[in-house]
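Working notes, beginning with the structure itself.
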């Protein structure tokens, strides 16, 4: 029998003692969990750790079972694990699990190691449906990580994943500041324009329409124009101000 089905039967068909006594379940996962995306060492046996595993794998049925026997949707695993259950689901694009956890009270603005949030993880992965859910539930589009000082928009702009363009547009619609500069002065327009990230025309146009400034400089003097791939450079050089936002320039949060 598949390990997930075994766990589901064990958790839902028995007492809380079975759900919390995770040695048997641990052994089942140890033997059969090769398909899991991010398995933890099997010495960790808390409900939260197993919930992180199930969330990463997209197993909504067993995750609900864990929640029913006392699993919390908004705590970090034992041993200082720097991700929580919502983060695992968002990182892997499992929208149904993200919705369930949000409905159970998980915070859309939780951030772990280096301040990397579920919204940043979803945006970087190009998971537009998850980004939309998190924004609708109050995720802050301008919350930066602690290591680079980059909000979700910058992570989406620099992503090569399919769906990242849609993430950029969703974030802009939700109020992400189009000219947010990280600790080095880098902006989303620079990332979207850069040859390093293949110069995404859709992202560039969306950012320009939102009012992004192609002449902002990094701390070492680079601009979106200087970083741009040839096909993007022509757009930046010929971009008409009539397409830019007519509102007064916003200030960086």
**OP:** Look at residue 164 and say whether it is buried (at least 23 other Cβ atoms within 10 Å of the Cβ) and modelled with pLDDT under 95.
**Re:** no
Original post:
For region 230-252, how many residues meet the condition of being at pLDDT 85 or above and surrounded by 15 or more Cβ atoms within 10 Å (Cβ to Cβ)?
Top reply: 4
Subject >> Tally of residues being assigned to a loop (DSSP other than H, G, I, E, B), surrounded by fewer than 23 Cβ atoms within 10 Å (Cβ to Cβ) and on the phi < 0 side of the Ramachandran plot across region 181-206 >> reply: 4
**OP:** Would you point out which residue out of 63, 101, 54 is modelled with pLDDT of 75 or more, buried (at least 17 other Cβ atoms within 10 Å of the Cβ) and over 18 Å from the mean Cα position of the chain (by Cα)?
**Re:** 63
Subject >> Enumeration of residues in region 114-148 that are at positive phi and either at pLDDT below 95 or surrounded by 23 or more Cβ atoms within 10 Å (Cβ to Cβ) (or both) >> reply: 114, 115
Original post:
Which residues, counting only those in region 207-239, are under 26 Å from the mean Cα position of the chain (by Cα) and on the phi > 0 side of the Ramachandran plot?
Top reply: 211
**OP:** Within region 131-150, track down each residue that is in a loop (DSSP other than H, G, I, E, B) and touching a residue at least 40 places away in the same chain (Cβ under 8 Å).
**Re:** 142
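The values are calculated or read from the model by the stated rules, or taken from the named source; none is laboratory data. Fair warning: this is a prediction, and the values are worked out from it, not measured in the lab. So basically every Cβ, Gly included, is an ideal-geometry build from the backbone, and we count neighbours across all protein chains shown.
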